[in-house]
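Colleague: Please find one structure pasted underneath; my questions will follow.
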DNA sequence: CTGAAAGCGCTTACAG
DNA sequence: CTGAAAGCGCTTACAG
């Protein structure tokens with residue numbers, strides 16, 4: 001609870017001198033510096049960051065904005081890893097990480113700018129933002145440094161992106177399915193409004209074209225990242241198009257629903273229908289058969305995002321978009 | 001970026017008046033209040049909480065201290081739910097939640113008190129603390145309000161606890177196993193230093209006694225909450241004591257290891273060996289057979305912890321210990 | 001090398 | 001009903 005004022009009194013110097021001594025300014029005699037540090041230690045002094053930030057008109061607080069987060073465990077896994085990655089980097093660099101929950105509705109009520117101002121947030125990392133969200137619009141003119149995860153926006157130098165190279169990853173999956181003899185490959189995509197959905201669909205389409213296969217729109221379904229919806233869509237697909245021998249899902253969770261659907265239809269994975277997912281959630285390696293999937297490195301994504309944001313805060317130059325390495329894990333479902 | 005000073009200028013009043021108007025003090029004429037609020041809106045004013053907190057010498061920041069967290073997905077699930085629960089409650093009550101990572105080693109370097117002072121933290125919620133940790137000692141004389149999750153300490157009114165009624169839950173499991181005809185029930189416990197391990201073991205012992213069964217120390221193993229270690233311990237147990245027909249694990253993750261062990265020994269769950277876990281992680285309902293377990297409500301635990309801490313900060317009275325309801329989920333593994 | 005003074009954006013007892 | 005002044009704990013140009 002001791003303040004600089006108190007230390008100054010004890011040391012018989014001014015607060016200015018204490019501040020300088022404690023902050024390693026050069027223009028302090030070794031003798032007084034030592035004395036001051038001694039006293040600080042003795043009274044277990046720790047600086048008041050709040051006051052410091054106020055005086056400096058800057059802050060060391062980074063906001064991790066989570067938008068429209070579904071509180072499922074699969075999602076929890078992902079967010080937890082992002083969080084840990086970002087948090088660890090922040091800690092190592094004397095930044096604080098503040099979690100901010102929001103959703104489409106809340107975004108209409110209060111602007112991101114205001115949220116940040118109130119809390120003296122220096123910059124934000126955003127996850128879960130959709131193209132249709134109010135913040136998406138706001139971000140295009142945002143004045144604070146901002147790192148988007150899994151979504152991209154152009155024309156504002158304050159905003160950069162960290163993501164997986166979705167197109168490359170999806171192509172790898174589709175090419176592999178083709179290599180395994182599949183020609184009729186369906187695609188169960190996530191939420192239309194999600195940026196990654198668009199990109200993954202693009203990858204799917206390009207991959208098919210690259211292989212000389214026809215893209216059939218009937219083979220593409222949207223299950224909004226819900227396991228149950230994916231189940232339904234898979235049933236539809238397999239009933240209406242019995243020629244389908246492989247299904248690629250834009251998330252593992254959806255793939256689990258599809259797996260159930262295939263089983264319920266009396267078919268077997270991978271013999272009757274091959275199945276591949278995306279994300280690399282824990283469950284993917286515990287289900288039977290184990291799921292072939294693209295394992296994203298969310299912890300690293302969080303780390304890179306924090307690192308990038310801190311660089312931006314220091315006016316160091318960064319790439320507009322960074323791709324975090326993924327691993328295409330081939331398992332028994334294909 | 002506009003401040004009260006600016007608003008005051010625009011409105012032709014003093015900063016004092018602006019402060020009072022914006023904070024709904026009664027001694028302001030309706031007319032000026034309206035004018036000030038108008039201007040504040042027009043310029044999209046938002047208060048600087050940092051300055052506010054400094055002036056009031058209080059803070060609305062709560063620290064969520066995570067100690068020695070294993071970055072596994074199962075753990076991630078748990079922490080994510082705790083976090084969401086606490087975070088939601090904080091948001092609804094105008095408190096901020098700051099994540100703080102620590103571990104046994106870090107705890108030796110810097111006291112919790114100092115961590116809190118630096119960041120102007122009003123109180124803390126702590127998860128993952130062990131009896132052998134430096135903070136445990138410090139907490140016993142802690143001056144800030146503190147809510148411990150899954151660990152208890154007596155003699156300091158600033159410290160309270162939120163947990164599952166582990167003894168009751170464990171007894172329920174053991175009684176159920178007995179009801180299913182099992183008399184030789186082994187117990188694979190977690191980390192000795194963890195408070196919940198002690199309590200769950202107590203529950204196990206008491207349950208057996210209550211049923212008139214003998215407690216055999218050879219039936220109790222410690223796998224430190226590791227899946228792999230649990231695998232090894234299960235192999236030992238089943239080889240050395242073939243009469244064992246049921247194994248209860250202090251965590252689901254360990255139960256997964258045990259499940260593998262049983263399978264690898266050519267036995268079947270539940271016919272040869274019944275298996276029960278603890279926690280209710282997502283995997284517990286996806287494995288085959290699905291795991292009988294005690295489903296803890298971590299989100300609620302986080303919520304209650306935050307609620308309790310905020311009450312303590314407001315000097316309202318709270319229970320020394322709160323039990324969060326759990327659900328004993330009977331599934332095919334028993 | 002040291003310190004008085006002004007300032008960061010807010011609050012609040014006090015006087016008028 | 002309104003405002004000047006002091007204060008929260010810090011920093012930093014500036015003067016000596």
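Here, each number is a calculation from the coordinates, and none is a lab measurement. Everything quoted here is computed from the prediction, not taken from an experiment. For neighbour counting, all protein chains shown are included, and Cβ atoms are generated from backbone atoms with ideal geometry for every residue, glycine included.
Colleague: Report the relative contact order of chain B, percent, no decimals, based on alpha-carbon pairs under 8 angstrom and at least 6 residues apart.
Modeller: Here the relative contact order equals 17 percent.
Colleague: Hey, for residue A:181 with labels 7 Å out along Cα-Cβ, what do the inter-copy distances come to in nm, ordered shortest first?
Modeller: In ascending order, 4.5 nm.
Colleague: Assuming a ≥ b ≥ c are the square roots of the Cα gyration tensor eigenvalues, decide whether the protein assembly as shown counts as rounded (a/c under 1.5), prolate (otherwise, with a/b larger than b/c) or oblate.
Modeller: It is oblate, given that a/c is not under 1.5 and a/b is not larger than b/c.
Colleague: Over segment A:64-177, what is the relative contact order in percent, taking alpha-carbon pairs closer than 8 angstrom and at least six residues apart?
Modeller: Once divided by the residue count of segment A:64-177, the mean separation gives 23 percent.
Colleague: Can you tell me, using C-alpha contacts under 8 Å and at least 6 residues apart, the relative contact order of segment A:166-295 as a whole percent?
Modeller: Worked out over segment A:166-295, it gives 25 percent.
Colleague: A further question follows. What average count of beta carbons from other chains do you get within 10 Å of the Cβ of residues in B:107-120? Spell out each step's value before the answer.
Modeller: On the way: counts 0, 0, 0, 1, 2, 0, 3, 3, 1, 1, 8, 7, 7, 5.
Mean inter-chain Cβ contacts per residue within 10 Å come to 3.
Colleague: Taking a ≥ b ≥ c as the square roots of the eigenvalues of the Cα gyration tensor of segment B:1-68, is the shape rounded (a/c under 1.5), prolate (a/b larger than b/c) or oblate? Show your work: numbers first, answer last.
Modeller: Values: a/c = 2.94, a/b = 2.30, b/c = 1.28.
Prolate.
Colleague: Rounded, prolate or oblate for segment A:166-295? Axes are the square roots of the Cα gyration tensor eigenvalues, ordered a ≥ b ≥ c, and the cut-off for rounded is a/c under 1.5. The partial results should precede the final answer.
Modeller: On the way: a/c = 1.28, a/b = 1.13, b/c = 1.13.
Note, shape of segment A:166-295 comes out rounded.
Colleague: Take every residue in peptide B:155-164, count the Cβ atoms of other chains within 10 Å of its Cβ, and give the average of those counts. Write down the numbers at each step before the final one.
Modeller: Numbers: counts 0, 0, 0, 0, 0, 0, 0, 0, 0, 0.
The shielding value for this peptide is 0.
Colleague: So how do A:36-45, A:252-261, B:197-206, B:217-226 stack up, highest first, on mean other-Cβ count within 10 Å?
Modeller: A:252-261, B:197-206, B:217-226, A:36-45
Colleague: Across the residues of A:52-60, average count of Cβ atoms on other protein chains within 10 Å?
Modeller: 2
Colleague: Just for the protein assembly as shown, what percent of DSSP beta bridges are antiparallel, to the closest 5?
Modeller: 10 percent
Colleague: Helix A:166-179 sits at what angle to the longest principal axis of chain A, using alpha carbons and giving 0 to 90 degrees rounded to 10?
Modeller: Long axis of A:166-179 versus the principal axis of chain A: about 30 degrees.
Colleague: Continuing with this model, one more query. Which peptide among A:92-100, B:277-285 comes first, and what is the full order, when sorted by highest mean count of other Cβ atoms within 10 Å?
Modeller: Ranked from most to least packed, the peptides come out as B:277-285, A:92-100.
Colleague: Restricting to DSSP H runs of at least four residues, report the calculated mean residue ellipticity at 222 nm for chain A, -39500 (n - 2.57) per run over all residues, nearest 500 deg cm²/dmol.
Modeller: Using -39500 (n - 2.57) per qualifying helix, the result is -14000 deg cm²/dmol.
Colleague: Highest mean first, what order results for B:121-127, A:51-57, A:161-167 on Cβ atoms within 10 Å?
Modeller: In decreasing order of mean packing, B:121-127, A:51-57, A:161-167 become B:121-127, A:161-167, A:51-57.
Colleague: Continuing with the same structure: Could you calculate the FRET efficiency of residue A:232 with residue B:51 from 1/(1 + (r/R0)^6), where r is the beta carbon distance between them and R0 is 56 Å, rounded to 0.05? Before the final figure, lay out the partial values.
Modeller: Working: r = 54 Å, r/R0 = 0.96.
So the FRET efficiency works out to roughly 0.55.
Colleague: Along Cα→Cβ at 7 Å, what distances in nm separate the residue B:57 label point from those on the other copies, shortest first?
Modeller: The answer, with the shortest distance listed first, is 2.8 nm.
Colleague: Moving on to the next point. With r defined as the distance between the Cβ atoms of residue B:27 and residue A:3 and R0 fixed at 45 Å, what FRET efficiency is calculated, to the nearest 0.05?
Modeller: The pair residue B:27/residue A:3 has a calculated efficiency of 0.90.
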